[in-house]
Amino acid sequence: MHCCTFRFRLLVGLFCMVLLVFFEPSHARAGLGSESRFGIDYVFPLDERYQQAPIAEQLARTGAGWVNFALVGWNQVEPTSPQAGQHQYEWDELDAAVRHWQAHGFHLVFTLRMGKGWFSGPHSYAPEGLPLVARALMENADRLPKPEHLEDYASWVAAVVERYDHDGVGDMPGLVSGVHHYQIGNEAGNPAFWTGSIDDYFQLLALARNAAQEADPEVKIIPSGLRPNDFFIENPQGDDPEPFLQDYLNRLDPGYREGILRSLELDRRILAATGEYDILDAAGNGSWHQGAQGFFNWVRREMEAAGNTAVVWDLESRTEPLLTAVQTTHAYPELEIPRAADILFQMKGPRRMRHAQAVEWYRAEQARLLIKVFVARFAGGAEKVFVGMPMDWDQGLE
């Protein structure tokens, strides 16, 4: 009880620093550095909005010490195939983002993605019956490269790690400190982001790990994040989630049902993958704290059974009030916010009668959720927790 009270006070203090801390943006701030337990997810380094003030400046004022560069794409860094065995990497934009965020005092995690490119292999997983928007996302999803380009993938991973490891060999000019944390892919259980098989994903993970470790002995590898946190709201003991999901799964179309069960299979294999990575991303999904106890009980039980001693982080802890219902992630409709559509309508129109009131409610509710979610994740055993989305969710980023 005293531990939770201390964590609550710590969280309140750090996330209220936005009201207290002012600094010159050109100077790196003092703080906890890499020891900070707080981070920000969904920073897209190759999007010019994230290479400029005021986003980094504003987020630095929260006191968070880390950001996750959530989309470092192979197709963006190496847009053309090697010629005569020579790779042509385009570093300028990624370098600019690294300089910008390090100048504001952040330590970095890179999530290495691929996207659609000259190296892309065939889709080996594509569930039937999904809506058009899901199929469109799948077309650009990561998957295992063509066999003849597997070594090119390993070379790209090694090149990225070498450029940002701060060992004095081939480093980016102006690098302040080393980048040693790399996540391999994003939500590999979700066909919007991974259309390879589960075995394909573990082949990719091994390729990336070996290449990264050869380039940087200090590197820390993070696999694709887990996603079933929401499914433990009525299961605080952390039992196998499938029996608790039957009613929910029966409401879904076959494609979605198949996808959720496949995601659980992947999660179990990641939890049992002893020695294949350094940090587990026990990420959440929906913005609820109620499922954390059961979820972390399940995670610890699965890891202990496999002898898995990896450190546990949470790289995507969602804390925004959910005003748009998504059937496939809302297993508990009773937790949806009453009159959410009306609130969103008012928020989206600055001249609407109750706009100010809706925005005030939203900000207060998000602050309340953030504290509850973070306390629950720390209490569950996460050593670091990253806010899942620093921008608004509403049909994409706004």
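The values are calculated or read from the model by the stated rules, or taken from the named source; none is laboratory data. All of these numbers come straight from a predicted model, not from anything done at the bench. Reconstructed Cβ throughout: ideal geometry from the backbone, glycine too, with neighbour counts over all protein chains shown. All accessible areas refer to the heavy atoms of the entire protein, side chains included, with ligands and DNA or RNA removed. Shrake-Rupley method; radii C 1.70, N 1.55, O 1.52, S 1.80 Å.
Observations
- Entry remark, region 338-361: residues being surrounded by 14 or more Cβ atoms within 10 Å (Cβ to Cβ) and either out of contact with any His (no Cβ under 9 Å at 6 or more places or on another chain) or closer than 30 Å to Leu271 by Cβ (or both) number 9 in total.
- Among the residues here, Ala97 does not qualify as assigned to a helix (DSSP H, G or I), more than 29 Å from Pro228 (Cβ to Cβ) and touching a residue at least 60 places away in the same chain (Cβ under 8 Å).
- Residues (at pLDDT 90 or above, farther than 13 Å from Ala154 by Cα and of a type in the set (Asp, Glu)) located in region 188-234: Asp199, Asp200, Asp216, Glu218
- Selection count, region 362-377, where residues are within 30 Å of Leu264 (Cα to Cα) and either open to solvent by 60 Å² or more (accessible area, probe 1.4 Å) or not in a helix (DSSP H, G or I) (or both): 2
Yes/no matrix, rows are residues, columns are (1) modelled with pLDDT of 95 or more; (2) of a type in the set (Phe, Trp, Tyr):
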residue: Trp298; (1), (2): yes, yes
residue: Gly307; (1), (2): yes, no
residue: Trp313; (1), (2): yes, yes
residue: Arg318; (1), (2): no, no
residue: Thr328; (1), (2): no, no
residue: Ala331; (1), (2): no, no
residue: Leu335; (1), (2): no, no
residue: Met347; (1), (2): no, no
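For every residue, the table says whether it meets (1) part of a loop (DSSP other than H, G, I, E, B); (2) among the small types (Gly, Ala, Ser); (3) free of Cβ contacts under 8 Å to residues at least 24 places away in the same chain.
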position: Val133; (1), (2), (3): no, no, yes
position: Leu137; (1), (2), (3): no, no, no
position: Ala158; (1), (2), (3): no, yes, no
position: Val161; (1), (2), (3): no, no, no
position: Gly168; (1), (2), (3): yes, yes, yes
position: Met172; (1), (2), (3): yes, no, no
position: Ser177; (1), (2), (3): yes, yes, no
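- Sole exception among (1) among the aliphatic types (A, V, I, L, M); (2) farther than 23 Å from Glu383 by Cβ; (3) touching a strand residue (DSSP E or B) at 6+ places or on another chain (Cβ under 9 Å) for Ala325, by number: (3)
- Of the helices (runs of 4 or more DSSP H) lying entirely inside region 239-353, those containing at least 1 residues that are in contact (Cβ under 8 Å) with a residue 60 or more places away in the chain and not hydrophobic (A, V, I, L, M, F, W, C) are 242-250, 254-271, 292-306.
- Residue, farthest from the chain's Cα centre (by Cα), within region 324-378, restricted to residues that are within 26 Å of Phe295 (Cβ to Cβ) and among the charged types (D, E, K, R): Glu334
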